[in-house]
Amino acid sequence: MSKMGKDLNIKKQQHLDIQRRVVAHKTAESWDNIPHVSIQYEPDITEFYQTFKDVRERYREEYPNSPKISLNTVLLKAIAQGLKNAPELNALFSYSKKSKTGTIKQVDDVNISIPYVYDGHKDITPVIPKCDKKSIVQIAQSIKNLGKRVDNTNITQLLRDTSKKERLSELRHGKLSVIPSLLKGFFGKQKVPRLKGKEKKEYYSIPEEERLTPKDLLTGSVLVSNIGSIYREFRGSIALLEIIKPQTFVIGISSMQDKPMVVKDEEGEKSIAIRKMLSFCLAFDHRPADFAHLVPFMKYMDKVFADPRSFFDKYLLSEKKKSENQASAKGQEESSLKVS
């Protein structure tokens, strides 16, 4: 055992709680098994951001009771559509070191896991399902509902249930190495606290659609971590994120920052201007994917940032028109029934 730190005065000592144990296990497993490749993608979002502010303000005026539409919500929609152009990244991967064989399973839906902060400093990664099939407003509503469900969730019990489900699944597939961690979760000094008796009964009586369940943590196809939404004053960029297997791709979004850039006018003349830049860390598992698989995703994102009006017309304003048409049709139907 190392002697490093033996002569230091220890202020406080504590065992890892279940949230830190889950993070420690998942990240260690990731670095032990996955060869990461990380790409820094930094598009100019000046026009995109201005269009976003204009469209959001207009939408708020017309629909004051609509869920809050944030830049993060809009980016989740853009990312979901981008992944439809790069299906190899929205995939699950399994690999055997022993046989040197593997399987890539492309996922139909883009289910995005997002870090959600609770208790001020801890976070979990619940899933926003089918972001590719949702409008921007529907994603915003899902995030709003997520907050209510987190409030109704005993996070320790949720993580305990999720960890138990994963360990038992691994046991059924013959992975006996999980037995020690499974036993330590139930017995010994570091066992995970659990609900009992009346408290347990009351908790599980809460309908599943009103609280989080293991399904909300285990059905993600890609993780998107937006540090900029938590710390807007952050200056710098995310260099690397761990990929949580069996996922093959993870995205880290930094804060929007003003930077001097070389721009061209309509005549092709170059000048230096202050532009709004947004840095993305795009990390993928190099076993099932190469850089070429990432190109269609970045090209789609480039198109969105270059022509934001078309994007918002399709995924926000068209939904507004659709809702108005549906309401109009419903009103006509009710009027017709009254006349009949």
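The values are calculated or read from the model by the stated rules, or taken from the named source; none is laboratory data. None of these values were measured; they are calculated from a predicted model. Cβ atoms come from the backbone with ideal geometry, glycine included; neighbour counts cover every protein chain shown.
Observations on the model:
- Scanning the range 106-131 for residues that are surrounded by 14 or more Cβ atoms within 10 Å (Cβ to Cβ), modelled with pLDDT of 95 or more and in a strand (DSSP E or B) yields I112, S113, V127, I128.
- Search result, residues across the range 209-240 that are of a type in the set (A, V, I, L, M, F, W, C), surrounded by fewer than 19 Cβ atoms within 10 Å (Cβ to Cβ) and not in a helix (DSSP H, G or I): F234, A239, L240
- Odd one out for P67, checked against (1) modelled with pLDDT under 95; (2) surrounded by fewer than 16 Cβ atoms within 10 Å (Cβ to Cβ); (3) under 21 Å from the mean Cα position of the chain (by Cα): (2)
Yes/no per residue for (1) assigned to a helix (DSSP H, G or I); (2) on the phi < 0 side of the Ramachandran plot; (3) surrounded by 11 or more Cβ atoms within 10 Å (Cβ to Cβ); (4) at pLDDT 95 or above:
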position: N9; (1), (2), (3), (4): no, yes, no, no
position: Q14; (1), (2), (3), (4): no, yes, no, no
position: H25; (1), (2), (3), (4): yes, yes, yes, no
position: E29; (1), (2), (3), (4): yes, yes, yes, no
position: S38; (1), (2), (3), (4): no, yes, yes, yes
position: T51; (1), (2), (3), (4): yes, yes, yes, yes
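- The range 130-145, residues that are among the hydrophobic types (A, V, I, L, M, F, W, C) and touching a residue at least 60 places away in the same chain (Cβ under 8 Å): I136, V137, I139, A140, I143
- For the range 295-340, a residue qualifies if it is modelled with pLDDT of 55 or more, of a type in the set (D, E) and part of a helix (DSSP H, G or I), and the qualifying residues are D302, D313, E319.
- Taken over the range 247-291, the criterion of being β-branched (V, I, T) and within 15 Å of M301 (Cβ to Cβ) is satisfied by I251, I253.
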